[in-house]
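Data block below; observations after.
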Amino acid sequence: MDVFEAIKTRRSTRRFKSEDVSEEQVEQLLQAAIMAPSGGNMQPWDFIIIRDEEQKKALAKAALGQRFITTAPVVIVVCANKPRTARRYGERGAELYSLQDTSAATQNILLAATAMGLAGCWVGAFNDEAVSNVLKLPKNIRPVVILPIGVPGESPRMPPRISLREIIHNEKW
Ligand SMILES: Cc1cc2nc3c(=O)[nH]c(=O)nc-3n(C[C@H](O)[C@H](O)[C@H](O)COP(=O)(O)O)c2cc1C
């Protein structure tokens with residue numbers, strides 16, 4: 001699958017088959033994640049891999065009751081390691097680059113998953129403190145995305161996009 005096909009066919013998927021996602025597949029997804037660009041190549045990302053049912057339930061609760069999270073065989077939580085980029089970039093690194101870099105890594109995971117016949121959903125609606133407690137995150141490590149991943153059990157239609165004509169500005173706003 002070429003990159004354009006992966007971009008076009010990636011869909012937020014909230015229903016999964018019971019098939020497992022292997023350790024090797026998770027490794028492949030994370031190898032794709034760390035190929036993402038990052039400010040000054042500081043790579044301010046850490047990944048928590050969750051397979052335990054109780055941990056998944058606790059995450060779903062922290063994610064405002066999004067129960068579909070528990071139906072994925074594996075959940076990857078992408079975390080921003082703010083000190084790692086703040087070392088060079090100070091507040092801009094901690095508050096902006098760390099989020100941009102982890103978002104780029106997340107999109108790489110989703111595109112790689114698509115190319116591998118897997119799917120996932122970027123879950124951003126959660127209580128930061130609750131997720132940090134569940135995962136025992138150290139101070140200054142911010143959970144950015146909860147990513148349930150599995151073999152897709154549904155084929156969602158693409159939600160409509162705003163047309164390019166409405167959002168392109170030439171030379172000035
Ligand atoms: C920052 C961000 C936060 C999101 N949070 C959630 C979420 O909490 N729960 C959910 O089901 N989907 C969430 N989504 C997925 C969006 O609903 C989805 O990307 C959007 O509807 C477009 O659909 P598509 O991904 O299939 O193109 C989130 C996506 C992004 C980028």
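None of the figures in this text is laboratory data; all of them are computed from the coordinates on show. Bear in mind the structure is a predicted one, so any value in this text is a computation, not a measurement. Counting neighbours? That spans all protein chains shown, and the Cβs are built from the backbone with ideal geometry, glycine included.
What to note about this one:
- Residues that are assigned to a helix (DSSP H, G or I) and away from the ligand (no atom under 13 Å from the Cβ) within the stretch 108-127 comprise Asn108, Ala112, Ala115, listed in sequence order.
- Only one of Ala104, Ala115, Ala119 that is touching a residue at least 40 places away in the same chain (Cβ under 8 Å) and crowded, with 21+ Cβ neighbours inside 10 Å: Ala119
- Meets criteria (part of a helix (DSSP H, G or I), touching a residue at least 60 places away in the same chain (Cβ under 8 Å) and of a type in the set (S, T, N, Q)) for Thr85: no
- Verdict on Thr85 being over 23 Å from Asn127 (Cβ atoms), within 13 Å of the ligand (Cβ to nearest atom) and touching a helix residue (DSSP H, G or I) at 6+ places or on another chain (Cβ under 8 Å): no
- Residue selected from the stretch 128-149 under the condition touching a strand residue (DSSP E or B) at 6+ places or on another chain (Cβ under 6 Å) and among the aliphatic types (A, V, I, L, M), by the criterion farthest from the ligand (Cβ to nearest atom): Ile141
- Unique residue being buried (at least 18 other Cβ atoms within 10 Å of the Cβ), within 16 Å of the ligand (Cβ to nearest atom), assigned to a loop (DSSP other than H, G, I, E, B) and not β-branched (Val, Ile, Thr) when the list is Ala60, Ala36, Ala80: Ala36
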